[in-house]
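The values are calculated or read from the model by the stated rules, or taken from the named source; none is laboratory data. All figures in this text were calculated on a predicted structure; none of them were measured in a lab. Positions of Cβ are backbone-derived with ideal geometry, glycine not excepted, and every protein chain shown enters the neighbour counts.
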Ligand code: CTP
Ligand code: MG
């Protein structure tokens with residue numbers, strides 16, 4: 001019998017507890033709605049054959065747009081759910097009734113768990129070869145108590161060893177979950193918050209197998225969860241980039257047109273060299289080559305010339321920046337303006353000049369920030385505040401440009417050995433600094449990745465594992 005694994009994305013809730021005022025599956029994270037991250041996870045997971053999205057009347061249009069704009073071709077149906085979660089599950093069961101020669105398996109997943117991994121989905125699907133119902137759980141870390149709500153006292157403390165926190169996905173053979181619901185619907189007292197609970201109660205002989213979940217696979221329930229999911233998404237992206245970074249993936253740079261603004265020294269120079277080694281068409285634009293980021297006309301001219309010569313612009317890296325280490329009060333006014341012009345306004349100018357070309361190529365703009373963006377630093381206030389502004393700008397433009405398929409991300413390298421740093425801070429012990437080359441390598445990995453709207457911290461540890469993974473010695 002032909003097996004078909006259908007991912008069911010439940011996105012019909014109203015998200016009352018979150019208090020966002022819109023259904024939480026539409027909240028934007030790293031430039032895109034949460035539900036889009038979740039659909040991508042299923043679309044890109046090799047064991048999933050088809051996807052059904054269950055949603056509500058107020059989301060359906062947005063979700064249809066996402067599916068058609070992003071060409072999620074595994075999505076076969078977008079259907080309306082119900083008021084209760086189980087009604088949404090039921091809608092998917094009814095929409096997927098198998099033909100006689102089909103073995104349909106439904107893998108139900110909360111739209112608001114965007115961090116589900118391939119590993120989890122894969123384990124659920126494989127476990128369905130041996131069991132008819134699967135849950136995904138993680139060991140409980142808190143002590144769970146049962147309460148007597150009447151007296152608000154403890155009624156019992158179940159042994160923690162046997163407790164687990166339930167996540168999704170939950171997977172079922174179609175007949176199993178359909179049979180369970182058929183019985184449930186005959187029960188006047190039927191209540192549930194998940195699908196495994198229905199199988200447990202109404203098909204007590206069925207063994208529900210437990211697959212290991214991941215602590216990262218959290219559900220967006222309250223507003224604060226958003227900060228955590230944002231950070232975890234960043235860590236996930238870093239892992240993916242690190243694992244994907246091989247000479248083979250970097251060879252995708254071949255014949256791509258890349259402008260490196262500020263590419264005559266430091267990280268920009270290394271990016272230009274590495275991209276050249278991978279046969280990208282690299283154009284370095286800096287003061288030395290006659291491009292002045294403070295002047296938008298100068299950038300318009302540079303971009304137009306590159307486009308004229310090469311016919312397209314795929315990637316723009318903006319590594320231009322100056323670090324003046326001086327108390328603000330002692331700086332000359334012209335130097336104050338220059339620092340803001342180059343570090344911040346220059347970034348705005350680059351974004352404005354690059355936009356039309358990146359829209360045409362569905363390209364990628366990569367900015368650079370510094371660890372000082374999270375907290376202003378004494379004696380280089382203009383540098384650190386510009387870097388904070390660049391982060392903010394990146395996030396905003398990621399949302400603005402997402403409909404046009406332009407990605408924009410920001411690299412946040414730890415202290416890196418560059419001429420700019422040496423000038424400001426003098427000679428520092430070599431092993432306390434990242435090499436510009438390793439930052440360049442990872443930056444190219446980010447350029448080739450589908451991610452957008454992210455601020456990616458490059459730490460020494462991360463750089464080391466990326467380099468070990470790629471086994472790139474640096475001579476290539
Ligand atoms: N869900 C659904 N249909 C419902 C209720 C929930 O498809 N009638 C989906 C939600 O969209 C979410 C997942 O089930 O992706 C988990 O539900 P939950 O976290 O409870 O989300 P909401 O019901 O939207 O939120 P709340 O309970 O705070 O209102
Ligand atoms: Mg709910």
Quick one: count up the residues across the range 407-446 that are touching a strand residue (DSSP E or B) at 6+ places or on another chain (Cβ under 7 Å) and either assigned to a loop (DSSP other than H, G, I, E, B) or under 18 Å from residue 282 (Cβ atoms) (or both).
9
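Tell me the residue from 458, 406 that is buried (at least 17 other Cβ atoms within 10 Å of the Cβ) and within 17 Å of residue 319 (Cβ to Cβ), please.
Values: 406 fails: within 17 Å of residue 319 (Cβ to Cβ).
Unique residue meeting the criteria: 458.
Given the structure, is residue 79 closer than 24 Å to residue 124 by Cβ, surrounded by fewer than 20 Cβ atoms within 10 Å (Cβ to Cβ) and either modelled with pLDDT of 95 or more or touching a helix residue (DSSP H, G or I) at 6+ places or on another chain (Cβ under 9 Å) (or both)? Outline the logic, then answer.
Details: closer than 24 Å to residue 124 by Cβ: yes; surrounded by fewer than 20 Cβ atoms within 10 Å (Cβ to Cβ): yes; either modelled with pLDDT of 95 or more or touching a helix residue (DSSP H, G or I) at 6+ places or on another chain (Cβ under 9 Å) (or both): yes.
The answer is yes for residue 79.
Of all strands (runs of 3 or more DSSP E) completely enclosed by the range 153-264, which ones contain at least 2 residues that are in contact with a strand residue (DSSP E or B) (Cβ under 7 Å, 6 or more places away or on another chain), touching a residue at least 40 places away in the same chain (Cβ under 8 Å) and over 30 Å from residue 30 (Cβ atoms)? Full working, then the answer.
Details: elements: 153-156, 164-173, 208-212, 257-261.
Passing ranges, in order: 164-173, 208-212.
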Test for residue 95: is it in contact with a strand residue (DSSP E or B) (Cβ under 9 Å, 6 or more places away or on another chain), within 16 Å of ligand 2 (Cβ to nearest atom) and either over 17 Å from residue 219 (Cβ atoms) or in contact (Cβ under 8 Å) with a residue 12 or more places away in the chain (or both)
no
Look at the range 83-126 and say how many of its residues are in a loop (DSSP other than H, G, I, E, B) and within 12 Å of ligand 1 (Cβ to nearest atom).
7
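Please state which one of 340, 350, 345, 329 is in a helix (DSSP H, G or I) and exposed (fewer than 14 other Cβ atoms within 10 Å of the Cβ). Give the steps one after another, and end with the answer.
Working: 340 fails: exposed (fewer than 14 other Cβ atoms within 10 Å of the Cβ); 350 fails: exposed (fewer than 14 other Cβ atoms within 10 Å of the Cβ); 345 fails: exposed (fewer than 14 other Cβ atoms within 10 Å of the Cβ).
So the residue among 340, 350, 345, 329 that is in a helix (DSSP H, G or I) and exposed (fewer than 14 other Cβ atoms within 10 Å of the Cβ) is 329.
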The range 29-82 - residue that is assigned to a loop (DSSP other than H, G, I, E, B) and within 16 Å of ligand 2 (Cβ to nearest atom) and, of those, nearest to the chain's Cα centre (by Cα):
59
Residues satisfying the stated conditions in the range 447-467, i.e. modelled with pLDDT of 90 or more and part of a loop (DSSP other than H, G, I, E, B):
449, 450, 451, 452, 453, 454
Given the criteria within 16 Å of ligand 1 (Cβ to nearest atom) and out of contact with any helix residue (DSSP H, G or I) (no Cβ under 7 Å at 6 or more places or on another chain), does residue 6 qualify?
yes
In the range 1-21, is there at least one residue being in a helix (DSSP H, G or I) and either touching a strand residue (DSSP E or B) at 6+ places or on another chain (Cβ under 6 Å) or away from ligand 2 (no atom under 16 Å from the Cβ) (or both)?
no
Can you pull out the residues in the range 265-300 that are in a helix (DSSP H, G or I), over 29 Å from the mean Cα position of the chain (by Cα) and closer than 19 Å to residue 364 by Cα?
299, 300
Would it be correct to say that residue 11 is over 13 Å from residue 59 (Cα atoms) and either away from ligand 1 (no atom under 13 Å from the Cβ) or surrounded by 23 or more Cβ atoms within 10 Å (Cβ to Cβ) (or both)?
no
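Output yes when any residue across the range 235-245 is farther than 25 Å from residue 456 by Cβ and loosely packed, with under 15 Cβ neighbours inside 10 Å, and no when none is. Reasoning before the result, please.
Applying the first criterion (farther than 25 Å from residue 456 by Cβ) to the range 235-245 yields none.
No; the residues of the range 235-245 include none that is farther than 25 Å from residue 456 by Cβ and loosely packed, with under 15 Cβ neighbours inside 10 Å.
Please specify each residue of the range 28-54 satisfying the condition of being in contact with a strand residue (DSSP E or B) (Cβ under 8 Å, 6 or more places away or on another chain) and modelled with pLDDT under 95. Outline the logic, then answer.
Let us first name the residues in the range 28-54 that are in contact with a strand residue (DSSP E or B) (Cβ under 8 Å, 6 or more places away or on another chain), namely 31, 34-35, 37-39, 42-43, 45, 47-54.
Result: 31, single match.
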